[in-house]
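The values are calculated or read from the model by the stated rules, or taken from the named source; none is laboratory data. Just so you know, these numbers come straight off a predicted model, no measurement behind them. Here the Cβ positions follow ideal geometry from the backbone for every residue, glycine too, while neighbour counts run over all protein chains shown. Remember, those area values only see protein heavy atoms, side chains included, never the ligands or the DNA or RNA. Shrake-Rupley method; radii C 1.70, N 1.55, O 1.52, S 1.80 Å.
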Amino acid sequence: MSTNTTNPIADLFTNDYDEDGFRRCSVTGLDVHRSVENYVKLFGLTAVVSLVVGGLFAFFVAMTRWELVGLLGPGDYYAFLSMHAWNLLIFWMVFMEIAVLYVGGPMVLGRRLPLTKVAAAGWVTMFLGAVGVNVSTWLTESPNQAPLLTAYVPLPVSPWFYASAVVFLLGATIAAVPFFAAIWKEKKWGESTTLPLIAFGAFVTSIIAVEAILGGIAAFAYALAWRLELIASVDAGLYRQWYWIIGHGSQQINLVAMITVWYFLTHVVGGAVVVSEKVSRSAFILYLFFINLGAAHHLLVDPGVSTGWRIWNTSYAFYGAAFASMVHAFAIPAGIEAGRRGRGLGGGLFGWLTSAPWRNPVFSATVFSVILFGFLGGITGVVMGQMQVNMTWHNTFATVGHFHATVALGTSLAFMGLVFFVIKTMFRRSYISDRLAAAVPYVYAGTMGVTTLMMMYAGILFGVPRRTVEVVRNIPGTEFSLSAATPLLTVFGLFAALAVLGGLLFVVVAVGSLLFGDDLEQGEATELLPQGGLHPDGGESVHAADLRGTFTLCLVFIAVFAASYVLNWYLLTQLWSIGV
């Protein structure tokens, strides 16, 4: 191991390659081209910057919802909330997802990144759009007119905001073009007729992204035309329909990208195998047809949609997406168990899990992502997506808790694991502190997990509304208060502050490792590999593997799912005292 003595910034984008620009990754065994590495680094670093900005505003938002502190007034609160939402739910996610496409496409396929100038143009366009959204939000004429994430018309939001949002979405589309080109070239000239599962998952992610982006461009361009007085009036109902194609569709991109990362990282650092390629691919295909219909739950109280539309989207269509997620929820732990038992690692019911490399932040972040997304984000998403039960969730703090469980917990943890992986394998830097790196997933997952639970409990049990500054003292314009929720909001505030510190710890370790971590020579990152390597000799067929541990975990998951379902229906019955 050698110590950095040169310019650490310049070194981030230099490595040893052969004359064709390739090098053999000592961890994955893949031939990685310089162009792929450089753009994964670029988009990943930009994503982390967005995380820092969004996390800073998260602290102010949380300390305002914790009314004991009451950091911001109503006017400033909406501006800070808008900055928090756009930077964490959109910019942090989408910049990372472009990096995921480049990893899942040309890196896994062992190809160059085609059209690098197009990739650069995509990054520049996305960056300008993100800056434009932030500047137009922060400099809005009145803080009370901050756009939030939805920017619903006819709220007179700055036309610069809508224009910047369109620019960002166009940039994401441009940045995805090299990925599509890589897939097209592989299918036309590649030796195999079938894409690897990781590349297939990334391809499905890209298709869902195109669907979502088209809806977003339609919504924001429509609002922009109205604000520029190119059209005389705007239909708020039509805007809402178009908006939620991107509003919820962006979270479906997160979901599929996250699952793709699960398959990749559990294999590389956990020794997982794919128990059934056909089943996993079929689950990805189900997402193509049904996942975007999950946006329906945002419109269940909208008078512009019919009852038949609501029933179809929240029952039959929704079940297709839920079934696909349950397939992955079984396939991921089953793959880990089969792979580790095949290596002779751990006996008994859960020995394969307890003997896993829990001190490796890549592994722990990924597995915590699987667990917390499933139990907190997945279950609550299916429950609140039902037409009847949604009435107890809609526009409450519980909804905020749900999407923090999916995005701030599930997806963010998976992406943190991917960042830690890239630091070792692409930047080829050691962590500035192995102990701090190992602590990050535990600190962040634990604190954010409690934070999301408190949001859900406050919303479901007490009806605490979302997007409202004061509810404990007195709801403005009424004599009604929700002071009974004070204990829950107190726990929420404390753990939200700790979660922000957990996110800060991740940034410090990640950025500090890039700037001050020691250079890793070829082969030194193999510590990430599972015992026996990626392809151990011998071992039984995956179809003969003992999966009783995964089966037990699935029974626990189904039991929690059923209990949550029953509890929410019971709480629904308490809204109206029928028969009393």
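Name the residues in the stretch 103-122 that are part of a helix (DSSP H, G or I) and under 13 Å from residue 30 (Cβ atoms), would you? Across the stretch 103-122, the qualifying residues are 103, 104, 105, 106, 107, 108, 109. Any residue in the stretch 181-198 that is in contact (Cβ under 8 Å) with a residue 24 or more places away in the chain, under 30 Å from residue 132 (Cβ atoms) and crowded, with 22+ Cβ neighbours inside 10 Å? Yes, there is a match, as at least one residue in the stretch 181-198 is in contact (Cβ under 8 Å) with a residue 24 or more places away in the chain, under 30 Å from residue 132 (Cβ atoms) and crowded, with 22+ Cβ neighbours inside 10 Å. Only one of the numbered conditions (1) closer than 30 Å to residue 424 by Cα; (2) of a type in the set (A, V, I, L, M); (3) modelled with pLDDT under 80 is not met by residue 475, and that is (1). Going by the structure shown, is residue 295 touching a helix residue (DSSP H, G or I) at 6+ places or on another chain (Cβ under 7 Å), at pLDDT below 85 and either not aromatic (Phe, Trp, Tyr) or not in a loop (DSSP other than H, G, I, E, B) (or both)? It is true that residue 295 is touching a helix residue (DSSP H, G or I) at 6+ places or on another chain (Cβ under 7 Å), at pLDDT below 85 and either not aromatic (Phe, Trp, Tyr) or not in a loop (DSSP other than H, G, I, E, B) (or both). Does residue 147 meet the test of being part of a loop (DSSP other than H, G, I, E, B), surrounded by fewer than 20 Cβ atoms within 10 Å (Cβ to Cβ) and not hydrophobic (A, V, I, L, M, F, W, C)? It is false that residue 147 is part of a loop (DSSP other than H, G, I, E, B), surrounded by fewer than 20 Cβ atoms within 10 Å (Cβ to Cβ) and not hydrophobic (A, V, I, L, M, F, W, C). Can you name the number of the only condition in (1) closer than 30 Å to residue 283 by Cβ; (2) among the polar types (S, T, N, Q); (3) in contact with a helix residue (DSSP H, G or I) (Cβ under 7 Å, 6 or more places away or on another chain) that residue 194 fails? Among (1) closer than 30 Å to residue 283 by Cβ; (2) among the polar types (S, T, N, Q); (3) in contact with a helix residue (DSSP H, G or I) (Cβ under 7 Å, 6 or more places away or on another chain), residue 194 violates only (3). Here residue 79 meets the list (1) under 18 Å from residue 247 (Cβ atoms); (2) surrounded by 23 or more Cβ atoms within 10 Å (Cβ to Cβ); (3) among the aliphatic types (A, V, I, L, M) almost entirely, failing just condition (1).
Would you be able to say whether some residue in the stretch 116-128 is at pLDDT 95 or above, open to solvent by 20 Å² or more (accessible area, probe 1.4 Å) and of a type in the set (D, E, K, R)? Checked against the condition, which is being at pLDDT 95 or above, open to solvent by 20 Å² or more (accessible area, probe 1.4 Å) and of a type in the set (D, E, K, R), the stretch 116-128 yields at least one hit. Is there a residue in the stretch 398-418 that is farther than 21 Å from residue 247 by Cα, touching a residue at least 60 places away in the same chain (Cβ under 8 Å), surrounded by fewer than 20 Cβ atoms within 10 Å (Cβ to Cβ) and in contact with a Leu (Cβ under 8 Å, 6 or more places away or on another chain)? No, the conditions are met nowhere in the stretch 398-418.
Count, please, the residues in the stretch 217-232 that happen to be in a loop (DSSP other than H, G, I, E, B) and in contact (Cβ under 8 Å) with a residue 24 or more places away in the chain.
Residues that pass the stated criteria total 1.
Number of residues in the stretch 377-398 that are closer than 19 Å to residue 560 by Cα and within 21 Å of the chain's Cα centre (by Cα): the value is 10.
For every residue, the table says whether it meets (1) among the acidic types (Asp, Glu); (2) more than 25 Å from residue 440 (Cα to Cα); (3) more than 19 Å from the chain's Cα centre (by Cα).
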position: 326; (1), (2), (3): no, yes, no
position: 339; (1), (2), (3): no, yes, yes
position: 347; (1), (2), (3): no, yes, yes
position: 353; (1), (2), (3): no, no, yes
position: 357; (1), (2), (3): no, no, yes
position: 363; (1), (2), (3): no, no, no
position: 369; (1), (2), (3): no, no, no
position: 373; (1), (2), (3): no, no, no
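As a summary of the residue check, residue 358 satisfies the conditions (1) under 23 Å from residue 502 (Cα atoms); (2) assigned to a helix (DSSP H, G or I) except for the one numbered (2). Within the stretch 325-339, residues that are closer than 11 Å to residue 271 by Cα and in contact (Cβ under 8 Å) with a residue 40 or more places away in the chain have Cβ atoms under 7 Å from residues that are open to solvent by less than 10 Å² (accessible area, probe 1.4 Å) and outside any helix (DSSP H, G or I) in these pairs: 335/272; 336/272; 339/271; 339/272, counting only partners at least 6 apart in sequence or on another chain.
Against the numbered list (1) without any contact (Cβ under 8 Å) to a residue 24 or more places away in the chain; (2) part of a helix (DSSP H, G or I); (3) not charged (D, E, K, R), residue 163 comes up short only at (1). Evaluated against (1) open to solvent by less than 10 Å² (accessible area, probe 1.4 Å); (2) modelled with pLDDT under 90, residue 387 falls short on exactly one condition, (1).
Figure legend. Inter-residue proximity from the stretch 100-116: first residues farther than 28 Å from residue 412 by Cβ, second residues open to solvent by 10 Å² or more (accessible area, probe 1.4 Å) and acidic (Asp, Glu), beta-carbon distance below 9 Å, spacing 6+ or different chains. Indicated pairs: 110/31; 111/31; 111/186; 112/20. Screening the stretch 298-353 for residues that are assigned to a loop (DSSP other than H, G, I, E, B) and in contact with a Leu (Cβ under 9 Å, 6 or more places away or on another chain) and picking the one that is surrounded by the fewest Cβ atoms within 10 Å (Cβ to Cβ) gives 304. Candidates are the residues of the stretch 3-29 that are open to solvent by 40 Å² or more (accessible area, probe 1.4 Å) and among the hydrophobic types (A, V, I, L, M, F, W, C); the one that is modelled with the highest pLDDT is 22. Determine, yes or no, whether residue 284 is of a type in the set (A, V, I, L, M, F, W, C), in a helix (DSSP H, G or I) and under 21 Å from the mean Cα position of the chain (by Cα). Spelling it out, residue 284 is indeed of a type in the set (A, V, I, L, M, F, W, C), in a helix (DSSP H, G or I) and under 21 Å from the mean Cα position of the chain (by Cα). In the stretch 86-119, which residues are touching a helix residue (DSSP H, G or I) at 6+ places or on another chain (Cβ under 8 Å) and of a type in the set (Gly, Ala, Ser)? Listed by number, the residues that qualify are 99, 104, 105, 119. Within the stretch 434-465, the residues that satisfy the criterion of being out of contact with any Phe, Trp or Tyr (no Cβ under 8 Å at 6 or more places or on another chain), aliphatic (A, V, I, L, M) and within 19 Å of residue 484 (Cα to Cα) are 453, 461. Can you name the residue in the stretch 43-71 that is among the small types (Gly, Ala, Ser) and in a helix (DSSP H, G or I) and is also farthest from residue 467 (Cα to Cα) among such residues? For the stretch 43-71, the residue satisfying everything is 44. Looking at 36, 32, 40, just one residue is within 30 Å of residue 179 (Cβ to Cβ), in contact with a Phe, Trp or Tyr (Cβ under 8 Å, 6 or more places away or on another chain) and not in a helix (DSSP H, G or I), and that residue is 32.
So that you can scan it fast, the table gives a plain yes or no per residue for (1) buried (at least 18 other Cβ atoms within 10 Å of the Cβ); (2) closer than 15 Å to residue 403 by Cβ; (3) among the polar types (S, T, N, Q):
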| position | (1), (2), (3) |
| --- | --- |
| 432 | yes, no, no |
| 436 | no, no, no |
| 450 | no, no, no |
| 468 | no, no, yes |
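Which is assigned to a helix (DSSP H, G or I), open to solvent by 20 Å² or more (accessible area, probe 1.4 Å), closer than 24 Å to residue 92 by Cβ and in contact with a helix residue (DSSP H, G or I) (Cβ under 9 Å, 6 or more places away or on another chain), of 214, 265? Only one candidate qualifies: 214.
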